[in-house]
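The next block holds one structure in the form of structure tokens; read it before the comments.
The values are calculated or read from the model by the stated rules, or taken from the named source; none is laboratory data. Note that the structure is a prediction, hence the values are computed from the model and not measured. Ideal geometry is used to build each Cβ from the backbone, glycine not excepted, and the neighbour counts take in all protein chains shown.
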Amino acid sequence: MLKAGDKAPTFALVDQHGKKRTLKEFAKRKVLVYFYPKADTPGCTQQSCLLRDLRKTIGRTAIVGISPDAPARQLKFDTKYTLGFPLLADETHEVAQAYKVWKKKSMYGREYMGIERSAFLIDANGRILHAWYKISPKDTPAYLLEALGK
């Protein structure tokens, strides 16, 4: 698992508008990178909308969501809830694996691979300030505000 002080794994993924986005473009400011299992599901919607609602409170800190969903599904999710921040498509799970959030999960006795909801606050130099694995949707914004001293 990644921890504070580790170099954040880089990424180059397509966002909901088909634009390639990289971690490097957020250099010179903090960025919250959060991983969610599936766009437009109850927990992911709650988490994303709570983050959307605090954007004016967090100053220059950027927010980036990542899930295995295709860009078209990400766009639909963004449009439906007016999220207004990049939602990146990690369809091959490479970035999720690099951040150690692609895990074996179990539901109703069936095992499968999927995203473990997690969030990472990364500093302006690309180092992890905080790594929150297995975070709940409602705790994501609260932990972010606490980490930013807000």
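General remarks:
Let's see how each residue does on (1) modelled with pLDDT under 95; (2) of a type in the set (Lys, Arg):
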site: 7; (1), (2): no, yes
site: 12; (1), (2): no, no
site: 17; (1), (2): no, no
site: 31; (1), (2): no, no
site: 46; (1), (2): no, no
site: 52; (1), (2): no, yes
site: 55; (1), (2): yes, yes
site: 70; (1), (2): no, no
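- Restricting the stretch 5-37 to residues that are assigned to a strand (DSSP E or B) and without any contact (Cβ under 8 Å) to a residue 12 or more places away in the chain leaves a set whose member that is surrounded by the fewest Cβ atoms within 10 Å (Cβ to Cβ) is 20.
- Just one of the listed residues (100, 104, 76) is under 23 Å from residue 21 (Cβ atoms) and more than 15 Å from the chain's Cα centre (by Cα), and it is 76.
- Positions within the stretch 132-150 being under 14 Å from the mean Cα position of the chain (by Cα), surrounded by 13 or more Cβ atoms within 10 Å (Cβ to Cβ) and under 23 Å from residue 53 (Cβ atoms), in sequence order: 132, 135, 136, 137, 139, 140, 141, 143, 144
- Within the stretch 38-80, the residues that satisfy the criterion of being touching a residue at least 40 places away in the same chain (Cβ under 8 Å), part of a helix (DSSP H, G or I) and either surrounded by 14 or more Cβ atoms within 10 Å (Cβ to Cβ) or touching a Pro at 6+ places or on another chain (Cβ under 8 Å) (or both) are 43, 44, 46, 47, 50, 51, 53, 71, 74, 75, 77, 78.
- One residue alone among 91, 111 is surrounded by fewer than 18 Cβ atoms within 10 Å (Cβ to Cβ) and in a strand (DSSP E or B), and that residue is 111.
- All positions within the stretch 90-145 that are farther than 23 Å from residue 13 by Cα and among the hydroxyl-bearing types (Ser, Thr, Tyr): 106, 108, 112, 136, 143
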